[in-house]
1. Please go through segment A:15-52 and give me each residue that is surrounded by fewer than 16 Cβ atoms within 10 Å (Cβ to Cβ), within 14 Å of chain B (Cβ to nearest Cβ) and either among the small types (Gly, Ala, Ser) or assigned to a strand (DSSP E or B) (or both), ordered by number.
2. Does A:GLU58 satisfy the criteria of being under 20 Å from A:LYS10 (Cβ atoms) and crowded, with 17+ Cβ neighbours inside 10 Å?
3. It is to be established whether one or more residues within segment B:7-25 are within 24 Å of A:GLU64 (Cβ to Cβ), of a type in the set (Val, Ile, Thr) and under 13 Å from the mean Cα position of the chain (by Cα).
4. Among the candidates A:LYS2, A:LYS13, A:LYS24, A:LYS7, single out the residue that is basic (Lys, Arg) and in contact with a helix residue (DSSP H, G or I) (Cβ under 8 Å, 6 or more places away or on another chain).
5. For segment B:80-92, give me each residue that is in contact (Cβ under 8 Å) with a residue 24 or more places away in the chain, in contact with a strand residue (DSSP E or B) (Cβ under 6 Å, 6 or more places away or on another chain) and farther than 19 Å from B:ILE38 by Cα.
6. Say whether the condition of being at the interface with chain B (Cβ under 9 Å from one of its Cβ atoms), at pLDDT 95 or above and in contact with a Cys (Cβ under 6 Å, 6 or more places away or on another chain) is met by at least one residue in segment A:59-66.
7. Which one is nearest to the other protein chains (Cβ to nearest Cβ) among residues in segment B:82-108 that are within 18 Å of B:LEU41 (Cβ to Cβ) and in contact with an Asp or Glu (Cβ under 7 Å, 6 or more places away or on another chain)?
8. Can you tell me which of A:ILE26, A:ILE92, A:ILE37, A:ILE30 is β-branched (Val, Ile, Thr) and closer than 24 Å to B:VAL9 by Cα?
Number of protein chains: 2
Amino acid sequence: MKINNIKNVKKEKVLDEGVKDVEKQIPIGIAEGSNRIIMRLFTVKPGGHSPLHTHDYEHLVKVESGKGIVVFSGGEREINVGDFVYVEPNEIHQFKNPFDEELKFICVIPKR
Amino acid sequence: MKINNIKNVKKEKVLDEGVKDVEKQIPIGIAEGSNRIIMRLFTVKPGGHSPLHTHDYEHLVKVESGKGIVVFSGGEREINVGDFVYVEPNEIHQFKNPFDEELKFICVIPKR
């Protein structure tokens, strides 16, 4: 058993290509002993976005605060608190924050 | 891509042995196409609890609202909003709500 409060979890700027103004925290990951599933918390500042990309693993996303836009092959959709987003493996996707408030979301992935 | 708002996700009473006053929603699961990871939301009413049990898969837990007590082999600990709990496979655990307010938490598991 490992209990982490988010206030004590290191926040790191995401420096990957195509990313703007996104920070990542990993409240449950390999450091906590989780060998199959990783739980991350992302903060997307106003004007920020994740890359428009695909990869061979899924995302299980839950909006924590603020709102955002999710881009997918079929278009775009606004996401708000209370929304859960499942992104399939190999599905193109991007999370954008064109709004005035920070967007925070949980994103769960399998360990790669 | 599948987007579900929690307001539209069916809430079911958990009837398993050792459970009292717990409801479950599955905002991302097999119905959404997620074949490896399942995201559930549990509501534990005041006086309610999950079973004190073990199983061979892990839990990745995030407290959503209210507060609770997590029981583990080493004792008990209060959990609050902002806390993330990793329960190892085969680790004994229980979630209890002896408080006046509903406890809500996300619990992510691998598909069994």
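The values are calculated or read from the model by the stated rules, or taken from the named source; none is laboratory data. In this text the structure is predicted, and so the values were computed from the model without any measurement. For neighbour counting, all protein chains shown are included, and Cβ atoms are generated from backbone atoms with ideal geometry for every residue, glycine included.
1. A:ALA31, A:GLY33
2. On the way: under 20 Å from A:LYS10 (Cβ atoms): no; crowded, with 17+ Cβ neighbours inside 10 Å: yes.
Judged against the criteria, A:GLU58 is not a match.
3. Looking through segment B:7-25, at least one residue is within 24 Å of A:GLU64 (Cβ to Cβ), of a type in the set (Val, Ile, Thr) and under 13 Å from the mean Cα position of the chain (by Cα).
4. Exactly one of A:LYS2, A:LYS13, A:LYS24, A:LYS7 is basic (Lys, Arg) and in contact with a helix residue (DSSP H, G or I) (Cβ under 8 Å, 6 or more places away or on another chain), namely A:LYS2.
5. Here is the first cut: in segment B:80-92, the ones in contact (Cβ under 8 Å) with a residue 24 or more places away in the chain are B:84-92.
Now restrict to residues that are in contact with a strand residue (DSSP E or B) (Cβ under 6 Å, 6 or more places away or on another chain): B:84-87.
Across segment B:80-92, there are no qualifying residues.
6. yes
7. Applying the filter and picking the extreme gives B:TYR86.
8. Working: A:ILE26 fails: closer than 24 Å to B:VAL9 by Cα; A:ILE92 fails: closer than 24 Å to B:VAL9 by Cα; A:ILE30 fails: closer than 24 Å to B:VAL9 by Cα.
Within the list A:ILE26, A:ILE92, A:ILE37, A:ILE30, the selection yields A:ILE37.
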